[in-house]
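Here the structure is laid out as structure tokens; the discussion comes afterwards.
Derivation of every value follows stated rules applied to the coordinates shown; laboratory data play no part. Computed from a predicted structure; not experimentally measured. Virtual Cβ from ideal backbone geometry, glycine too; neighbours counted across all protein chains shown.
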Amino acid sequence: MNIRLIPLVTLTALATVSAWAGETSHHADAGHATLEQQRHTLAENTRGKGYGPQSPRDIDAHAGLNKRAFNNAPPADEMNLCNIHFHKNAEHRGGEFSTYAGDGDGFGYGSGYVFSGELPAAKLAAVDTEICPSEHGGLAPGDTIEVHFVHSTADVKPGATLGACVNEAINNPQLRVEARVFVLVNDDSAPDFAEVAGYGKRKRLYQALNMPTAGDKAVEYAGSTTGPGYNEKGSPYQVTWRVAPAVTELNIASVGKWCQGNDFAEDHAHGVRNLVTNPELLSSIE
């Protein structure tokens, strides 16, 4: 998040847009030409303007030329959990989610990356209810989601949008996102999302108590907020990311139930920002 102090109401409004912007009506597949045009426009709109490193990225590709440096946020267990939300298809690429979903509609839907493995037919059986429906469609067994556990150094409690990550005392906290990728299955024995997204206080800090561990191969890097609203412009917000390369199965029925009521006012999957591939907009991963 930028270090310039601005009124909380303004920052909150910007933050509401910054993480998952672009909630527009559904469009047909826009095609590769639209994707390339958006990447060209992003390059033009950021060139020479001092934007910091952007997200999402390919976590298996560590090269980057962006020199705007900022300090890494503390570990998640030294920060407050402030928000949980998810995107349909992984925004990042790599690990077990390296299969391209397609170019999408140009507004964040139908693109991104999906689980590269295979599932037995029983786990892909259709469910008899809508799961997290929206004007962009709902979720189905076999779908991939990327869940963002957002953390802040501000003295805040979990709530809706990135506005929950700031307060009147600190408008420019350090931000960390712990990203975990899941594949949805029709299996009552699979992990329950309400438990995965459960939170409480530990050592006086709000924590995601059952967030899957990232593992030794997790990739940490300097980036930004995401969302399709930034397909053609740079995000000014600084975020430390840690992305786990593994994919975990998740009970789709539990995701549907979570969408019906949670402390984050989340009721559907958000769209994805185009994968950032311009080296000038990527940090170098050590």
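Fewest first, what order do Ile145, Ile131, Ile170 take by the number of other Cβ atoms within 10 Å? Please report the intermediate quantities before stating the final value.
Details: Ile145 26, Ile131 22, Ile170 17.
Going from sparsest to densest Cβ surroundings: Ile170, Ile131, Ile145.
Placing unit charges on the Cβ atoms only, positive for Lys and Arg and negative for Asp and Glu, gives the chain a dipole magnitude near 1180 debye about its Cα centre.
Amide H contacts of Gly112 (H built 1.01 Å from N, in plane; Pro and chain starts excluded): Ala101, Gly102 sit under 5 Å, all sequence-distant by 5 or more or on other chains. 3J(HN,Hα) along the stretch 37-47, derived from phi through the Karplus expression 6.51 cos²θ - 1.76 cosθ + 1.60 where θ = phi - 60°, amounts to 5, 5, 5, 5, 5, 4, 4, 5, 6, 10, 4 Hz, with x in place of Gly and Pro. The helix-based estimate of mean residue ellipticity at 222 nm for the chain, built from -39,500 (n - 2.57) per DSSP H run of four or more residues and divided by its residue count, is -4000 deg cm²/dmol to the nearest 500. Have a look at Cys259, Ala197, Gly102 and report the one farthest towards the positive end of the charge dipole of the chain, computed about the Cα centre with Cβ charges (Lys/Arg +1, Asp/Glu -1). My answer, from the dipole projection, is Ala197.
Its relative contact order, with pairs defined as Cα atoms under 8 Å and 6+ residues apart, puts the stretch 84-165 at 32 percent.
For the pair Asn210 and Ala160, label points projected 7 Å from Cα toward Cβ lie 2.5 nm apart. Pull up the DSSP beta bridges for the stretch 8-277 and report the antiparallel fraction as a percent, rounded to 5. Expressed as a percentage, antiparallel bridges in the stretch 8-277 total about 70. Taking every C-alpha pair closer than 8 Å and separated by at least 6 residues, the mean separation divided by the residue count of the stretch 8-277 gives a relative contact order of 30 percent. Under 17 Å of direct C-alpha separation, and excluding same-chain neighbours fewer than eight residues apart, Lys203 reaches these aspartates and glutamates: Asp77, Glu78, Asp155. Panel order for Trp241, Trp258, by other beta carbons found within 10 Å of each beta carbon, from fewest to most: Trp258, Trp241. For Gly95, the residues whose amide H sits under 5 Å from its own are Asp60, ignoring neighbours fewer than 5 places away on the same chain, with H placed 1.01 Å from N. Cα centroid distance between the stretch 216-286 and the stretch 100-142, in Å? Cα centres, the stretch 216-286 to the stretch 100-142: 16 Å.
Toward the positive end of the charge dipole of the stretch 8-277, with +1 on the Cβ of Lys and Arg and -1 on the Cβ of Asp and Glu, the farthest Cα among His32, Ala73, Ile131 is that of Ala73. Calculated FRET efficiency, Thr277 to Asp128, Cβ-Cβ distance, R0 = 51 Å: about 0.80 to the nearest 0.05.
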